[in-house]
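For reference, the structure is listed below as structure tokens.
Here, each number is a calculation from the coordinates, and none is a lab measurement. None of the values given here were measured: they were computed from a predicted structure. Ideal geometry is used to build each Cβ from the backbone, glycine not excepted, and the neighbour counts take in all protein chains shown.
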Amino acid sequence: MERENRFWQVILLALPLAIFITFVIWPLANSFYYSFTNWNGFNPDYDYVGFDNFLKIHTDQLFLNAAINTALWIVAAIVVPTACGLSLALLIDSRIPGGSVFKSIFYLPICLSAVVVGQIWVWIYQPDWGLLNTVVEAVSGEQFNYAWLAKPDSALWSVIVAWSWQQTGLSMVIFLAGLTTIPEDLVEVCEIEGARALQRIRLVVIPLLAPATVVVIALNVINSLKGFDILYTMTGGGPFNSSDTLAMHMYNESFKKYLMGYGSAISVVLFLIALIIIRLYFRQLRKVDALHG
Amino acid sequence: MADLAFVPEARRRFNPWPVVIFIVLAVLAVLFLAPTAGVLLSSIKTTRDIAFGALWTIPSELYWGNFAEVLSNPAVHRYFVNTLLVTAPATVVSIALGSLAGYVFAKLPFRGSNLLFLVIVSGMFFPPQAVLIPLFRLFNAMDLIDTLYPIIIIHTAMGIPICTLLMRNFFATVPMALREAAILEGANEWQALTRVALPLSLPALAVLATLQFTWIWNDFLWPLIFTQSDEKRTIMLGIVNLQGQYSVAWGVQGSLSLIASVPTLLVFLFFQRYFIKGMTMGAVKG
């Protein structure tokens, strides 16, 4: 029996592990390796440059700029879709008529690609006939032609709004799934005990949603680290790098300037950020597991 | 709330909250639909109408020229076929591999299997940029740049973590006794997996099919890196390419976006019934 189990463990794991190691783990390790070289992407030869690429990070103003934007991007991508998704889920869960219609409406943007979402929102921000300026003009009665995506002050935040619009539905669906696991009698007891709706939500529902919250935040972080497509299509990192993120900066250095060694160094930094998040995630997961079994 | 009518007279007060919540949700729903509605509206209007500022109004007559333009463009056909050739195999294979690994982690644990599981799952968090350059070099050396193979391979590999996670969590809810009964009846582990565990895991498979199909169909980064010629472009790159060609033909751009989103919308509608259930059992309960 023991030997037979061993046989099946090997047979079943061989292919998934082989592919995962060859195309994920091995390239990851190699990114570390290339970050110590000056490979240019075409020439088969390259030199070892030690820590030069990492020292360059220190003096690269564009890197600092991209790092700050990435931090803003990640924080916004966690806070906005999580908060909006939770609010929508609580509202829809209150047994109002048409709940499933609302659910589908709020979920719809998740089915759209970042490219399509980017295009939609470029039209909303379009200075002359975009929806946003049209509404502002209708309300204020004055001519309004602000170019949201072409101004360094507003470009990043405009993309974050578009991104949040798309991601909220996913958070909402997971919170709704989490709400179905909360025993109804528990909520009823609170009602009988006279807890008001907001108290009930704050003291009972939200703590019991902890497992769902962990999943939501994790997904939002994962997706935000991958938030390259929408920036690429909406602003391309501009104007004047004002919406540049590390993912964007890495792409530009590697595939526009062909500084693949330096690009690797940036990707190593990105991975280290991901590693911190992985650690936090597993620690939270263990805490939640301990509480909820 | 439904039994309001049976509440004694004294306690029957008007409860305004359902009405307030309904109105709030309705307003939010309209705001949420506005962007998508813009694309829908643009696709049935002439470029002239849009340029004169009429994008966001209901048109008096429908104009189908934009759809005709998109659907008769051979480049669009090619983009669609390419995307399907990437999405279908990568979705199926990543779910299959995740099922194999997930089954071992759920039903045949060994010393160190938990650690291995955590390593695989942490792959979910890896930013694609962290593997991009070495893969570019690898596929370049294999002479596979500007073919669809690198995209299929990388989506399969990057899909293994999430597929393994969900399948393991779902298989864990399948009682051990079922597997043991099958084994006692003379089935081997492969049959226990394919005939017992998998048929009981349809909700998880539906969730993964939806997620993987949507992610891969909508992906932009990998085809951007690994394809160069227009012949190998996928639909999302195609949209960006054609934006140049139809630079002010907003209606054509809108209908192209709509057509490109149809497959993922269909997949979601098709699997919607299972989606919440699978999410609840696979992800939230952990």
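Below is a table of values for the structure above.
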| quantity | calculated |
| --- | --- |
| Cα centroid separation, the stretch A:224-244 to the stretch A:133-147 (Å) | 26 |
| Cα gyration tensor category, rounded, prolate or oblate, for the stretch A:238-293 with a/c compared to 1.5 | prolate |
| Most mobile of A:266, A:57, A:230 in a GNM of chain A (Cα contacts under 10 Å) | A:57 |
| Value at 222 nm in deg cm²/dmol, rounded to 500, when DSSP H runs of n ≥ 4 in chain A each add -39,500 (n - 2.57) | -22500 deg cm²/dmol |
| FRET efficiency, 1/(1 + (r/R0)^6) with R0 25 Å, evaluated for residue B:40 and residue B:173 via beta carbons | 0.05 |
| Span-like helix ranges in chain B, DSSP H, alpha carbon extent 20 angstrom or more, Kyte mean at least 0.0 | B:17-43, B:74-107, B:149-172, B:202-218, B:250-279 |
| Relative packing of B:138-144, A:26-32, A:135-141, which averages over residues the other C-beta atoms within 10 Å, highest first | A:26-32, B:138-144, A:135-141 |
| Helical segments meeting 15 Å axial Cα length and Kyte-Doolittle 1.0 threshold in chain A (DSSP H) | A:61-92, A:99-111, A:114-125, A:155-180, A:210-225, A:260-292 |
| A:104, B:122 arranged by Cβ crowding within 10 Å, fewest neighbours leading | A:104, B:122 |
| Relative contact order (percent, whole number), the stretch B:160-232, Cα cutoff 8 Å, 6+ residue spacing | 34 |
| Shielding by other protein chains, A:97-109, mean Cβ within 10 Å | 4 |
| Amide N proximity, the stretch B:204-222 versus residue B:187 label position 7 Å along Cα-to-Cβ, cut-off under 18 Å | B:204-205 |
| Packing-based exposure ordering (other Cβ within 10 Å, fewest first) of B:27, B:93 | B:27, B:93 |
| B:270, B:14, A:271 arranged by Cβ crowding within 10 Å, fewest neighbours leading | B:14, B:270, A:271 |
| Rounded Å value of the spacing that divides the Cα centres of the stretch B:56-98 and the stretch B:182-198 | 40 |
| Shielding by partners - mean other protein chain Cβ count within 10 Å, residues of B:30-39 | 6 |
| Rounded Å value of the spacing that divides the Cα centres of the stretch A:4-43 and the stretch B:19-43 | 46 |
